[in-house]
Structures are given as C-alpha cells and as structure tokens.
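Novice: Structure in structure tokens, see below.
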Amino acid sequence: MLSFWQSSVGKKAAMGLTGLIVVGFVLVHMAGNLQFFVGPSKFNEYSHLLRHTLIELTWIVRLVLLAAIAVHITAAWQLTQRAKAARPVGYERRDAQVSTYASRAMRWGGVYLLVFIVYHILHFTTGTLHPAYDEAQAYGNVVIGFSSLWVSLFYLGAMALLSLHLYHGTWACLRSLGLAKPSSNPLERRIALIVAIVVPAGFSLLPLSVLLGIVR
Amino acid sequence: MNLTLRVWRQAGPAAAGAMREYRAEGISPDMSFLEMLDVVNEGLIAKGDEPIAFDHDCREGICGMCGMMINGAAHGPQRLTTACQLHMRSFSDGETITIEPWRATAFPVLKDLVVDRSAFDRIIQAGGFISAPTGSAVDGNAIPIPKLDADDAMDAAACIGCGACVAACPNASASLFTAAKISHLGSLPQGQPERSRRALAMVAQMDLESFGGCSLFGECMEACPKGISIDTINTMHRDFLFASATKRDVKEWSGGA
Ligand code: HEM
Ligand code: FES
C-alpha cells in the first residue's frame, strides 16, 4: 500500500479514482439543484430532506468526499512538485503541439476549484459568508446569494474551470485506472465532452436565472 | 538556403551554458538537419572554434541517438521523423532556428546538445526483458500469437529510446517510453511470466530516475518519431495496478534465478 502510494503511477491512479468519485457527486449535485426551477417549496423540501431526514447519509457522503478531495489534492500537489523537479532548467522554446488547454489548466484550475469549494460551503452550507442566511429557506438563500453580481461571477468562473477540469479529468481518470480501450475515437472522450458541458451548464442555470431576473 | 541558428553551447556537464548564434550559409534544402550541422561545424573547425557537439549514429531514424529540440518541438517540425531524417526543406530560407538539448533532470547535458540517456537503460535493466531459454531459436509459429497481439507488440516495440517523449512532456515524464516496453513484452506469451514484476520494477525505476509523472497531455505521442500511442500508458497503469493488487510472481523473483 505504501509502495503503491509512493509510485507516480499509484498516485495518478488515486487521483483518477478520487476524481471519479467527485465527478459522480457533481453529477448528482447538479441534477438535485435543478429542483430549484420547480419552485420554492420543492427546493426547500429537498434541502430539508438532506439536512434532516437523511442527515446520516449526508454525513457519509460528506466524509467520503472530504477524504477523496484530500487524497486528490495531496497527490496533485506531490505530482506537481515531482514534475517541477524533473525539469529544473527549462527550454528557451517549447511549443505545446497537441495538448488541450483543459489539460494545461488542471493545476491552476484545481486551485481555483479548491478556493471555490471552501467559499461555496461557507456560503450556502454554513451561511457564514452569506448576507441573510436562513437555514430553512434554501430557495431564498440562493436567490439572495446570487443577486450579488460579484458572487454570481465568481460561481460562473468556477463553473468554466470545472468544465475544463471535467473535460480532461473524465477522460484521463479512466486511463489512469487502466480502464480505457484503445480506439482512435475513444468513447471516454465523448463522455467527457458531454459531462464537461452538461454539469457546469446545469449548475450555471441557477446564478444566471437569478441575475437575469427570470427567478425572483 | 541561408539560416540563423541559435544553439545551446555548454562545454561540459558542470559548465554553465548559453545560447549562441551562428550563420548557416549555402545550405541545400536536400540536406538532412544533421548534415546542415556538419556544414556549420566544418566552418567552425576551419576558424579554430569548437564544433557543436551532437549525438548521432545511424542517421536513418533507427538508433535513437540524434534527439534535439528544434524550434520548440522534439526532433523538429516534421511528424514521425527523427532529427537525422528531417530535411532542410522543412524550413524556409532566412529562418532563425532554435536548437536545444533535451531538458530533464534524468537526462543531464554532457556537452552542447548531447545528453546522457542512461536512465533509460536502467529502466530496461529493471525489467524490460523476458526469461527465454538460450540456444537455437525456436521454430517460427511454434508459439501461436494472435495477429492483433502481434501487431500491438510490434507497434510498441518500434520505440527507439530516443527520449523525445521525455523532452516534449511538460512534466518530463518517461511514461511513454516505459509503457512502450511494458506493452511490448506484455502483449506476447513470452512476456507473461514476468509481467507483473516487470510493471512494478520498471515503474519503480522510472520514479527513481527523477522523471515526472504522466498528466496525459499527449505531447509525447505527437513527438514520438515512431508514433507510439498513449494507449500503451493505459496498459502500463493496468499492469501496475493489477500487480500491486495481486503481487503475483513478485516473490519468486526476489530470490534470483
Ligand atoms: C479541490 C480542488 C482540486 C484540485 C486542487 C485539483 C487538482 C487536480 C490536478 C492538478 C489534476 C491533474 C493531475 C495531473 O495529471 O498531474 C487533477 C485531475 C483530475 N481532477 Fe481535480 N482538482 C480539484 C478538484 C476536482 C473536482 C471538484 C473534480 C470533479 C468534479 C476533480 C476531478 C478530477 C479528475 C477526474 C482528474 C483526472 C485524474 C486523472 O488524470 O486520472 N478534481 N485535479
Ligand atoms: S541518428 Fe540514429 S535515429 Fe537519428
């Protein structure tokens, strides 16, 4: 187990597995959020379900996600340090030939996502950074939260980076886990594209609809 | 053709280096890139200057010695082509060409454009072999091998160990090289006895040599003069994970033969 974690391949597989867990979570989270458009009572009911009726399940999910993100970030950090040490003297000129922008944005995009996750929890889960938080009024919290232009822009920026992270990550994680099938038009590329569009777009509907005054 | 070259010059492993500018004049578009450097070097020698050191051997794209970074691309602008097989017609008259050695901790610069790639040899020594009985060769087709497996093995075996994958990788990772060797032997019946041990040992050696990890940027596959696919990296990960989970055939090996 230790030698597995010490290996660069082991760390990458751990990133792939933990990434996949979080991909599963964001899919479910996004779908759940769409109940916002059914109306206040439905959305508040959903919030009550997660915060009271199913609180044990919620805590299990929280702990799994926390552990997954911790492993993910630790491996990301260590692999980044390893990569830096592997080329201390850079080239005067090295042009990216085929790597996608998404693949090159994984590191700084990941840091943005980390800041976002912390802010997001303090904003809508604990209410610490929310101007008028009311535990029982999830719907109202969202409307008030997103009526600030800056807050909405920060969320939308995070969703743009989430899209890039998902585009590279959903494709890469299957390969890190050795599960991909050789193909010139890999299925996982197409799945990654769909995930990278659908998940951030679904999340973004909430701040957009509040900003544009469609939902009040 | 007349060209301006910007070349990394470094007198020795411990010496400080710098980019220096040279003129390459009267170059024929039919010359190879290395022949162009030969012409420049003759001029330098005639002037009593130190010629530009670069590695080469076969000059026909099979030995893997001639790697260098040309205008920001490993082996230069032509796909599936080593520097020795690259022709000057790939450049335009009057162009400035930047030439640098491979850059990686694991590939220290020995002189100018020459790097030490023995880290690759040690990765091979760690497990890039099979236990075959010596003596006369077995009859052809004595061991049946499905065509698709033979094709996979052959594609991976095309690796010439030039180091372009490491050079082009933003992480300076040797994953494509190591994965090519693991896939090559792992695709064949002869490679099965050591398959798990090979994956563990070669990956461990790759890490020991201070190469970076794989982020699946895909730059290695584009730089590879033999077109080795990053699908081999998927195979390396699969073999490594399987071996880590089962520890199959690891114990027998630690005892020695
Ligand atoms: C919490 C902040 C995060 C940080 C700092 C972070 C960082 C990174 C980095 C640096 C990589 C590339 C590693 C490499 O190949 O060198 C990566 C890959 C990945 N990330 Fe994240 N990430 C974060 C959050 C997320 C989230 C929220 C998700 C899911 C929605 C996710 C899913 C993935 C996946 C699936 C991969 C691919 C792993 C692989 O290639 O096998 N990450 N992450
Ligand atoms: S000199 Fe042998 S591959 Fe270029």
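No value in this document is a laboratory result; all are computed from the given coordinates. Only a predicted model underlies this, so the values are computations on that prediction, with no experimental measurement involved. Note: ideal-geometry Cβ built from the backbone for every residue, glycine included; neighbour counts use all protein chains shown.
Novice: At each listed q (0.15, 0.16 Å⁻¹), what is the log10 of I(q)/I(0) that the Debye formula gives for region B:40-91 modelled as equal alpha-carbon point scatterers?
Specialist: Calculated log10 I(q)/I(0) at the listed q: -0.48, -0.54.
Novice: For a label point 7 Å from the Cα of A:His48 along Cα→C-beta, name the residues of region A:97-135 whose backbone N is under 18 Å from it.
Specialist: A:134-135
Novice: Compute the acute angle (0 to 90°) between the alpha-carbon long axis of helix A:149-176 and the principal axis of greatest extent of the alpha-carbon atoms of chain A; round to the nearest 10°.
Specialist: It is inclined by approximately 40 degrees.
Novice: So the label point goes 7 Å from the Cα of A:Thr58 along Cα→C-beta, right? Which residues of region A:132-167 then have their backbone N under 12 Å from it?
Specialist: Only A:135-138 pass the distance filter.
Novice: In region B:3-111, what percentage of the DSSP-assigned beta bridges are antiparallel, given to the nearest 5?
Specialist: Of all bridge pairs located within region B:3-111, approximately 80 percent are antiparallel.
Novice: Something else now. Averaged over peptide A:104-111, how many Cβ atoms belonging to another chain are found within 10 Å of each residue's Cβ?
Specialist: 1
Novice: Once you put a point 7 Å from the Cα of A:Ala70 and another 7 Å from the Cα of B:Ser118, both along the Cβ direction, what distance in nm separates them?
Specialist: 4.4 nm
Novice: Also, quick follow-up: Could you work out, for region B:3-111, what percent of all Cα-Cα pairs fall into each 10 Å distance bin, beginning at 0 Å and stopping at the bin that holds the largest distance?
Specialist: Over region B:3-111, the share of Cα pairs per 10 Å bin runs 14, 49, 33, 4 percent.
Novice: Next question. Which one of A:Gly145, A:Gly178, A:Gly202 has the biggest mean-square fluctuation once chain A is modelled by GNM with Cα springs under 10 Å?
Specialist: Judging by the Gaussian network model, the answer is A:Gly178.
Novice: Can you give me the P(r) profile for the protein assembly as shown? Cα pairs, bins 20 angstrom wide beginning at 0, each as a whole percent.
Specialist: Distribution as computed: 21, 43, 27, 8, 0 percent.
Novice: Also: For B:Arg89 and B:Ala150, what does the FRET efficiency come to when R0 = 35 Å and r is the distance between their Cβ atoms, rounded to the nearest 0.05?
Specialist: Calculated value: 0.45.
Novice: Right, something else. What does the helix-only formula give at 222 nm for the protein assembly as shown: each DSSP H stretch with n ≥ 4 adding -39500 (n - 2.57), the total divided by the residues, and the result rounded to the nearest 500 deg cm²/dmol?
Specialist: -16500 deg cm²/dmol
Novice: I need the shape label for region B:1-44. Rule: rounded when a/c is under 1.5, else prolate if a/b > b/c, else oblate, with a, b, c from the alpha carbon gyration tensor.
Specialist: Cα axes put region B:1-44 in the prolate bin.
Novice: If you don't mind, there's one more thing I want to ask. Restricting the count to DSSP beta bridges whose residues both fall in the protein assembly as shown, what percent are antiparallel, rounded to a multiple of 5?
Specialist: Of those bridges, close to 75 percent are antiparallel.
Novice: Run the dipole for the protein assembly as shown about the Cα centre, Lys and Arg Cβ at +1, Asp and Glu Cβ at -1, nothing else charged, and hand back the magnitude in debye, nearest 20.
Specialist: 1320 debye
Novice: Let me ask something else. Pull up the cross-link candidates among the aspartates and glutamates for B:Lys111, meaning alpha carbon to alpha carbon under 12 Å and not fewer than 8 places away within one chain.
Specialist: B:Glu50, B:Asp55, B:Glu100
Novice: If you count the DSSP beta bridges with both ends in chain B, what percent of them are antiparallel, to the nearest 5?
Specialist: Around 75 percent antiparallel, to the nearest 5.
Novice: Please give the contour-minus-distance gain from B:Gln192 to B:Lys247: 0.36 nm per residue of separation, less the Cα-Cα distance, rounded to one decimal in nm.
Specialist: Gain on stretching B:Gln192 to B:Lys247: 18.4 nm.
Novice: Another one. So for region B:118-254, taking the charge dipole from beta-carbon charges (+1 Lys/Arg, -1 Asp/Glu), which of B:Gln192, B:Phe217, B:Pro144 sits furthest toward the positive end?
Specialist: B:Gln192
Novice: Here is a follow-up. As I understand it, the value is the acute angle between the Cα axis of helix A:106-120 and the longest principal axis of the Cα atoms of chain A; what does it come to in degrees, rounded to 10?
Specialist: The angle comes out near 20 degrees.
Novice: How about region B:1-75: which GluC sites (Glu not before Pro) there lie in a loop by DSSP and see at most 13 other Cβ atoms within 10 Å?
Specialist: Sites meeting the loop and neighbour criteria: B:Glu25, B:Glu60.
Novice: Here is a follow-up. For B:Gly212, which sequence-distant residues (separation of 5 or more, or a different chain) have an amide H within less than 5 Å of its own amide H, given hydrogens modelled in the peptide plane?
Specialist: B:Ser173, B:Ala174
Novice: Next question. What average count of beta carbons from other chains do you get within 10 Å of the Cβ of residues in B:73-86?
Specialist: Neighbouring Cβ atoms belonging to other protein chains average 1 per residue here.
Novice: Between A:Leu156 and B:Phe129, with labels modelled 7 Å along Cα→Cβ, what's the label distance in nm to one decimal, could you check?
Specialist: 6.3 nm
Novice: Quick one: which residues, 5 or more positions from B:Ala73 or on another chain, have an amide H under 5 Å from its amide H? H modelled 1.01 Å from N in the peptide plane, none for Pro or chain starts.
Specialist: A:Asp95
Novice: Convert each backbone phi in region A:56-72 into a coupling constant with the Karplus relation 6.51 cos²θ - 1.76 cosθ + 1.60 (shift: θ = phi - 60°), then list the ³J(HN,Hα) values in order as whole Hz, x for Gly and Pro.
Specialist: For region A:56-72, the Karplus curve yields 4, 4, 4, 5, 4, 4, 4, 5, 4, 5, 4, 5, 4, 5, 4, 5, 4 Hz.
Novice: Pick out, from B:Phe177, A:Gln137, A:Ile73, the residue whose Cα sits farthest towards the positive end of the charge dipole of the protein assembly as shown, with +1 on the Cβ of Lys and Arg and -1 on the Cβ of Asp and Glu.
Specialist: Of the options given, the answer is A:Gln137.
Novice: At a Förster radius of 60 Å, what calculated FRET efficiency corresponds to the Cβ-Cβ distance of A:Glu92 and A:Phe25, to the nearest 0.05?
Specialist: 0.90
Novice: So, in nm, how far is label A:Ala201 from label B:Cys58 when the simple model puts each one 7 Å beyond its Cα toward the Cβ?
Specialist: 4.9 nm
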